[in-house]
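One structure below.
Every number here is computed from the coordinates shown, using simple stated rules; none is lab data. Keep in mind that what you see is a predicted model, and the values were worked out from it rather than measured. Quick reminder, even Gly has a Cβ in these numbers, built from the backbone with ideal geometry, and neighbours come from all protein chains shown.
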Amino acid sequence: MGYNFPESLIALEGTGNPRVMFVESPPSFSSPSVWNIPPLELDLSQACAMATEGDLVVLNDTRVKPCRIFTSDEVEILFVRQDTPNVWEVLFPLRGMALGSEFQLPGGRVATLVSKGLPQKIEIRGGSLSTDYFDQYGELALPPYIQRMRGERHCRALDRQRYQSDWSRVEGSVAAPTASLHFDRTHIDDWMKRGVEVAWTTLHVGLGTFLPIKAENLADHKMHKEWCRIPKKTLQLIAQTRSRGGRVFALGTTVARTLESWAQHLLKEEDEEWVGETDLFIRPGFEFRVVDVLMTNFHQPESTLLAMVCAFAGQERVLSSYQWAVERGFRLFSYGDLTIWEKCPVPLKS
């Protein structure tokens, strides 16, 4: 699942005015000619208008926590998840680090490396790492390629605003669900005025979303678990949308992963809210049971996110569409432009 692109297309700032690549589903995959149908370029208002009366748009209300802390020696530590009151799962460069190595954190805390691996684990002394602590000393964890290409290790002031969705409210992610960055509450109002239902999920983005695929065989890739929740109201709206023949739009791969993880449990739609952890790896051959239209950014080669898009719209179709977008200068990745995909009529094998 690779493709080529010039680094100049990697977006380093959000614009608030994305270009949109729309890829409709061909009616049949029996003829190779269907792959020659080019995508369409839309503006954001046209993209929003794709959801019509009777449809349902599902959003992720997670909020990115400022979970990147710099030690006194400027070692960057990404705090992924709290394991016990004093032990955290983290990511940081291990070069020359032995078990028992200590780091001075701001605020008088001391971190000790107690476990290597992916992720590592550190033990904290000198006080807890509360939400207030991260608000005071932490930074948002922008994708490393953005900071590398900027030539800056620290976030810019505008990133605190631009790297959060307009409806983020449940803190817990280490990275943003970036498709949401293109939209604000005026788009929600517009959908609802036109008879489009809007519903919520929560998935806290963690290692499962952003770690690259290293395995030669996709089936051998292990997804890390991420916490997610679907309220009862959202499940009821999904059932109602299905009963009236409407479509379910997932705004982002995190929403799609949450909905399809729930669907794997074969639960009745309206029973109760669904809360759990998911390690579902969606790859070519997966059969989507809930999502009809996927709205998402462009994704990096060899990523689990690109694998999901290929599963949804067909690998050949996705990669040819990406090449079309690269040739036309679309901006890529977290701060880049938007794509919209209609689901394949049949699941495609890898």
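The residues 295, 192, when put in order of fewest to most other Cβ atoms within 10 Å, stand as 192, 295. Helical content of the chain, expressed as a calculated mean residue ellipticity at 222 nm, amounts to -6500 deg cm²/dmol (DSSP H runs of 4 or more residues, -39,500 (n - 2.57) each, divided by residue number, nearest 500).
With the biggest extent put first, the Cα atoms of segment 173-284 measure 47, 32, 24 Å across the principal axes.
In a simple Cβ point-charge model (Lys, Arg +1; Asp, Glu -1; nothing else charged), the chain has a dipole of about 240 debye relative to its Cα centre.
Straight Cα distances below 24 angstrom link residue 65 to the lysines 116, 121, 225, with same-chain residues fewer than 8 positions distant left out.
Spin-label model, residue 49/residue 287: points 7 Å from Cα along the beta carbon direction are separated by 3.7 nm. With N counted as the residues of the chain, its alpha-carbon radius of gyration over 2.2 N^0.38 Å works out to 1.01.
Computed from label points 7 Å out along Cα-Cβ, the spacing between residue 279 and residue 169 is 3.2 nm.
Mean separation of Cα pairs under 8 Å and 6 or more residues apart, divided by the residue count, gives the chain a relative contact order of 24 percent. If you bin all the Cα-Cα distances of segment 246-319 at 10 Å, starting from zero, the percentages per bin are 18, 53, 24, 5.
Projecting the Cα atoms of 70, 115, 103 onto the charge dipole of segment 68-138 (Cβ charges, centred on the Cα centre) puts 115 farthest toward the positive pole. Here segment 68-138 is treated as an ellipsoid with the same Cα gyration tensor; its semi-axes, largest first and in whole Å, are 17, 13, 11. Only Lys, Arg, Asp and Glu carry charge here, each on its Cβ (+1 for the first two, -1 for the last two); on that basis segment 68-138 has a dipole of about 200 debye about its Cα centre.
Per residue, the convex hull spanned by the Cα atoms of segment 120-209 amounts to 145 cubic angstrom. Between residue 149 and residue 9, the distance separating the two model label sites (each 7 Å from Cα on the Cα→Cβ line) works out to 1.1 nm.
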